[in-house]
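Notes follow the structure.
The values are calculated or read from the model by the stated rules, or taken from the named source; none is laboratory data. These figures come from a predicted structure and were not determined experimentally. With ideal geometry, Cβ positions are generated from the backbone for all residues, glycine too; neighbour counts draw on all protein chains shown.
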């Protein structure tokens with residue numbers, strides 16, 4: 001995923017240094033070339049040999065140590081970097097970078113790089129909330145530096161609050177998003193629905209479907225990485241919400257999803273309906289478990305609202321994108337949906353086709369336009385499919401902006 005990309009990691013002195021070992025490991029597994037610069041404080045927590053072994057590159061920790069190459073080291077690393085990650089970033093190192101102080105290899109190299117810089121703060125809650133620290137962070141954000149916001153929780157000092165280093169998973173996802181995608185959807189606001197809905201029969205049983213939510217979450221992840229403000233409305237899945245999305249709304253039933261979409265519609269530009277919404281719900285809900293009896297059980301079903309159809313009636317100038325997961329007559333069914341539901345385009349896939357459908361990491365889709373024209377795509381990862389969908393949406397948004 002990151003083959004050919006170089007990430008320089010500046011490690012400053014905090015107890016969270018140990019987590020950065022996992023960050024290096026994860027980046028190496030993504031085929032990134034990783035170089036590590038450590039402050040003297042960082043070396044008190046983890047030995048440079050650990051990072052050297054994991055990164056498979058020598059570690060720089062002293063501006064005046066014997067050089068390993070004839071390059072001017074801080075300039076060489078600054079030029080090599082496709083991205084410079086500072087993790088953990090202490091209050092001290094954030095203050096130095098914000099005020100142009102270059103008194104060690106880390107701060108000197110950051111000052112010399114033209115690469116994107118990503119800063120992951122980690123410090124005591126009171127330090128993090130100190131207005132001077134917040135001013136330094138705001139200054140760096142104004143200069144275009146990127147941040148992985150710290151988490152809240154129990155800190156090493158025993159306090160509880162903000163300041164805990166973001167998880168290695170979140171840090172690496174932020175690195176990937178900065179390296180893989182241009183920020184071409186900044187200012188755009190997108191609703192994405194994902195996963196299955198659940199319709200209760202009684203306190204024990206329910207009707208649902210096999211949707212894993214992977215396609216919708218992939219779209220949300222890529223849209224956020226490209227700078228969009230994402231509202232993800234999701235049924236129950238086993239997937240963590242992507243980092244950097246604006247809002248995550250967990251729903252259960254089709255009615256819950258309908259209400260969530262409608263209540264957020266006005267403030268958004270785009271609705272992408274990738275959820276697998278139950279078409280029917282039990283006509284009557286039993287508040288007690290239905291007991292087994294002799295003979296068959298008949299459950300009468302009522303039709304749920306067709307969310308895409310309802311949104312199509314009130315969307316005005318908003319862009320509406322639908323999905324059609326079918327097992328037969330895929331194109332004909334999809335074309336019928338796009339006209340009936342006033343969609344701008346629809347993404348159709350055959351659940352029986354190898355590499356497509358629920359639970360897979362890949363998909364095979366065809367995109368059908370309003371005029372009936374169609375383009376079929378080869379099997380791609382769901383992130384690649386997401387990029388294709390968002391590219392088309394960007395074109396439509398740009399066309400509307402130019403009118």
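Look through 268, 333, 342 and report the one residue that is touching a residue at least 24 places away in the same chain (Cβ under 8 Å) and either within 22 Å of residue 222 (Cβ to Cβ) or in a helix (DSSP H, G or I) (or both). Talk me through it step by step, then tell me what you get.
Working: 333 fails: touching a residue at least 24 places away in the same chain (Cβ under 8 Å); 342 fails: either within 22 Å of residue 222 (Cβ to Cβ) or in a helix (DSSP H, G or I) (or both).
From the options 268, 333, 342, the qualifying one is 268.
Being part of a loop (DSSP other than H, G, I, E, B) and either within 26 Å of the chain's Cα centre (by Cα) or farther than 21 Å from residue 197 by Cβ (or both) is the requirement here; does residue 349 meet it?
Working: part of a loop (DSSP other than H, G, I, E, B): no; either within 26 Å of the chain's Cα centre (by Cα) or farther than 21 Å from residue 197 by Cβ (or both): yes.
Spelling it out, it is not the case that residue 349 is part of a loop (DSSP other than H, G, I, E, B) and either within 26 Å of the chain's Cα centre (by Cα) or farther than 21 Å from residue 197 by Cβ (or both).
State which residue pairs qualify: first residue at positive phi and inside segment 10-31, second residue surrounded by 15 or more Cβ atoms within 10 Å (Cβ to Cβ) and assigned to a loop (DSSP other than H, G, I, E, B) in any location, beta carbons under 6 Å apart, and separation of 6 or more residues or different chains.
31/2
Would a scan of segment 249-262 turn up a residue that is surrounded by fewer than 17 Cβ atoms within 10 Å (Cβ to Cβ), in a helix (DSSP H, G or I) and touching a helix residue (DSSP H, G or I) at 6+ places or on another chain (Cβ under 9 Å)?
Yes, segment 249-262 contains at least one residue that is surrounded by fewer than 17 Cβ atoms within 10 Å (Cβ to Cβ), in a helix (DSSP H, G or I) and touching a helix residue (DSSP H, G or I) at 6+ places or on another chain (Cβ under 9 Å).
Conditions (1) without any contact (Cβ under 8 Å) to a residue 12 or more places away in the chain; (2) surrounded by 19 or more Cβ atoms within 10 Å (Cβ to Cβ); (3) farther than 20 Å from residue 94 by Cα, marked per residue:
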site: 138; (1), (2), (3): yes, no, no
site: 147; (1), (2), (3): no, no, no
site: 175; (1), (2), (3): no, yes, no
site: 182; (1), (2), (3): no, no, yes
site: 190; (1), (2), (3): no, yes, yes
site: 194; (1), (2), (3): no, yes, yes
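For segment 355-367, does any single residue satisfy the condition of being buried (at least 17 other Cβ atoms within 10 Å of the Cβ), part of a loop (DSSP other than H, G, I, E, B) and on the phi > 0 side of the Ramachandran plot?
Yes, segment 355-367 contains at least one residue that is buried (at least 17 other Cβ atoms within 10 Å of the Cβ), part of a loop (DSSP other than H, G, I, E, B) and on the phi > 0 side of the Ramachandran plot.
Of all residues in segment 210-234, which are within 21 Å of residue 348 (Cβ to Cβ) and in contact with a strand residue (DSSP E or B) (Cβ under 9 Å, 6 or more places away or on another chain)?
Restricting attention to segment 210-234, the residues satisfying the condition of being within 21 Å of residue 348 (Cβ to Cβ) are 210-220, 222-223.
Answer for segment 210-234, where residues must be within 21 Å of residue 348 (Cβ to Cβ) and in contact with a strand residue (DSSP E or B) (Cβ under 9 Å, 6 or more places away or on another chain): 210, 211, 212, 213, 214, 215, 216, 217, 218, 219, 220, 223.
Among the strands (runs of 3 or more DSSP E) confined wholly to segment 1-99, which include 1 or more residues that are modelled with pLDDT under 95 and surrounded by 15 or more Cβ atoms within 10 Å (Cβ to Cβ)?
On the way: elements: 6-11, 33-38, 83-89.
Here the list is empty.
Could you please let me know if residue 305 is more than 29 Å from residue 398 (Cα to Cα), out of contact with any strand residue (DSSP E or B) (no Cβ under 6 Å at 6 or more places or on another chain), assigned to a loop (DSSP other than H, G, I, E, B) and at pLDDT 90 or above? Steps first, answer last, please.
Working: more than 29 Å from residue 398 (Cα to Cα): yes; out of contact with any strand residue (DSSP E or B) (no Cβ under 6 Å at 6 or more places or on another chain): yes; assigned to a loop (DSSP other than H, G, I, E, B): yes; at pLDDT 90 or above: yes.
So residue 305 fits the description; yes.
Taking residue 366, is it in the same structural domain as residue 310 (by TED's automatic domain parsing) and in contact with a helix residue (DSSP H, G or I) (Cβ under 9 Å, 6 or more places away or on another chain)? Quick ask: steps written out before the conclusion?
On the way: in the same structural domain as residue 310 (by TED's automatic domain parsing): yes; in contact with a helix residue (DSSP H, G or I) (Cβ under 9 Å, 6 or more places away or on another chain): yes.
So residue 366 passes the test.
Determine which single condition residue 218 fails, assuming it passes every other condition in (1) free of Cβ contacts under 8 Å to residues at least 60 places away in the same chain; (2) outside the structural domain of residue 116 (by TED's automatic domain parsing); (3) closer than 30 Å to residue 7 by Cβ.
Of the numbered conditions (1) free of Cβ contacts under 8 Å to residues at least 60 places away in the same chain; (2) outside the structural domain of residue 116 (by TED's automatic domain parsing); (3) closer than 30 Å to residue 7 by Cβ, the odd one out for residue 218 is (1).
Within segment 384-396, is there a residue that is at pLDDT 90 or above, surrounded by fewer than 11 Cβ atoms within 10 Å (Cβ to Cβ), closer than 21 Å to residue 265 by Cα and under 23 Å from the mean Cα position of the chain (by Cα)?
Looking only at segment 384-396, we keep the residues that are at pLDDT 90 or above, and these are 384-396.
Narrowing further to those that are surrounded by fewer than 11 Cβ atoms within 10 Å (Cβ to Cβ): 395.
From what's left, closer than 21 Å to residue 265 by Cα: 395.
Filter once more, so that each one left must be under 23 Å from the mean Cα position of the chain (by Cα): 395.
Yes; the residues of segment 384-396 include at least one that is at pLDDT 90 or above, surrounded by fewer than 11 Cβ atoms within 10 Å (Cβ to Cβ), closer than 21 Å to residue 265 by Cα and under 23 Å from the mean Cα position of the chain (by Cα).
For segment 272-284, state whether one or more residues are exposed (fewer than 15 other Cβ atoms within 10 Å of the Cβ) and in contact with a strand residue (DSSP E or B) (Cβ under 6 Å, 6 or more places away or on another chain).
yes
For a quick check of your reading of the model, give me the residue pairs whose first member lies in segment 349-375 and is free of Cβ contacts under 8 Å to residues at least 12 places away in the same chain, whose second is surrounded by 14 or more Cβ atoms within 10 Å (Cβ to Cβ) and assigned to a strand (DSSP E or B), with beta-carbon atoms closer than 7 Å and at least 6 apart or on different chains.
Sorted first by the residue in segment 349-375, then by its partner, the pairs are 375/366; 375/367.
Take residue 165 and tell me if it is out of contact with any helix residue (DSSP H, G or I) (no Cβ under 9 Å at 6 or more places or on another chain) and buried (at least 19 other Cβ atoms within 10 Å of the Cβ). Step through it out loud before you land on a result.
On the way: out of contact with any helix residue (DSSP H, G or I) (no Cβ under 9 Å at 6 or more places or on another chain): no; buried (at least 19 other Cβ atoms within 10 Å of the Cβ): yes.
Considered against the rule, which asks whether it is out of contact with any helix residue (DSSP H, G or I) (no Cβ under 9 Å at 6 or more places or on another chain) and buried (at least 19 other Cβ atoms within 10 Å of the Cβ), residue 165 comes out as no.
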